[in-house]
Amino acid sequence: MQLDKSAKDPAKIQTMFSTIAPRYDLLNRLLSLGIDGCWRRFAISQLPKVKNAKYLDVATGTCDVALEIVKRYPGAKVTGVDFSEGMLELGREKVKKAGCHDRIDVRFADVTALPFEDNTFDGVTIAFGIRNVQDYKKGISEMGRVVKSGGKVVILEFTSVQNKFFKAPYRFYITKALPFIGEIISGKKGAYKYLPSSMLEFPGPEEFKKAIEETGLKDVRYYKLTFGVTAVHVGTKP
Ligand SMILES: C[S@@+](CC[C@H](N)C(=O)[O-])C[C@H]1O[C@@H](n2cnc3c(N)ncnc32)[C@H](O)[C@@H]1O
């Protein structure tokens, strides 16, 4: 189950997401038993409410977060970036189908080298992306750099379940059931082996909070959701 550093090699991650992209949304709904939408909506609710806001969603994938943001915040514009062309292609189609192409700009970019000026956005989100970034502190620093002073960086990610009744069945689910279902539906072997390892190895919420603080964000808070399966960390740019 231990992941070596090369498992998060950016080129490998890029290829993996482009490979699973066609079944990504379906598997998300299925494997999370449909709860993933609630997690994303909670994360989005942490964004600062600003008139005609400009938000950035990094590792936007198939644009679920970007689409939720424009639904929830009338007048807001979102830029969604990702480095997997396969995921972006599906994201662009969804944005077009939803009639939101005038409010969501979908672009290719790496989280660790964002192509935006300092202090550009009112809020920056990342959902289920930071775990896959080899140098995740660099990614968070970049999000902090492009957000305006007083703006928020909102990070939704899987975290370590501590609930003593839920821990064992959850571990069984993610290490046995999830790779099995993932492989059957996606038809791809490796990707759904990587997923449980990356989920189990990601730092717990306290350790992650400290890492976020080390990037210079202040007033970092976190909320555990669904028995601590996921956590939303929110930091403010001073
Ligand atoms: C699990 S998906 C999450 C997608 C979407 N945010 C969601 O909520 O469904 C992770 C995404 O992170 C992207 N990603 C991982 N590392 C990245 C990086 N360094 N730069 C840009 N995107 C990255 C992948 O391409 C993939 O689309």
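Values quoted throughout were computed directly from the atomic coordinates according to the rules given, and no laboratory measurement underlies them. Here the structure is a predicted model, which means the values were calculated and not measured. For neighbour counting, all protein chains shown are included, and Cβ atoms are generated from backbone atoms with ideal geometry for every residue, glycine included.
Observations
- Loop sites in segment 1-98: trypsin sites (Lys or Arg not before Pro), DSSP, at most 14 other Cβ within 10 Å: LYS49, LYS51
- Helix-only [θ]222 nm of the chain, DSSP H runs n ≥ 4, -39500 (n - 2.57) each, per residue, nearest 500: -13000 deg cm²/dmol
- Electrostatic dipole magnitude of segment 6-71 [Cβ: Lys, Arg +1; Asp, Glu -1; Cα centre; debye, to 20]: 220 debye
- With the charge dipole of segment 1-153 set up from +1 on Lys and Arg Cβ and -1 on Asp and Glu Cβ about the Cα centre, the Cα lying farthest toward the positive end among the listed residues SER84, PHE42, LEU114 is that of PHE42.
- Percent of beta bridges antiparallel (DSSP, the chain, rounded to nearest 5): 40 percent
- Cα shape, segment 92-238, gyration tensor, a/c 1.5 rule: oblate
- Hypothetical label at LYS96: residues of segment 3-43 whose amide nitrogen lies under 14 Å (7 Å Cα-Cβ projection): none
- On the basis of the beta-carbon distance and an R0 of 35 Å, LYS189 and SER45 show a calculated FRET efficiency of 0.40.
- For segment 27-100: rounded, prolate or oblate by the Cα gyration tensor [a/c cutoff 1.5]: oblate
- Residues of type lysines that LYS97 reaches as a straight line, Cα spacing below 28 Å, ignoring anything fewer than 8 places off in the same chain: LYS49, LYS51, LYS54, LYS71, LYS77, LYS188
- Computed about the Cα centre, the dipole magnitude for the chain is approximately 620 debye when only Lys and Arg (+1) and Asp and Glu (-1) carry charge, each at its Cβ.
- For segment 52-164, the square roots a ≥ b ≥ c of the C-alpha gyration tensor eigenvalues yield an a/c under 1.5, which makes the shape rounded.
- In this structure the amide hydrogen of THR79, modeled in the peptide plane, comes within under 5 Å of the amide hydrogens of TYR55, LEU56, ASP57, ASP105, none closer than 5 places in sequence on its chain.
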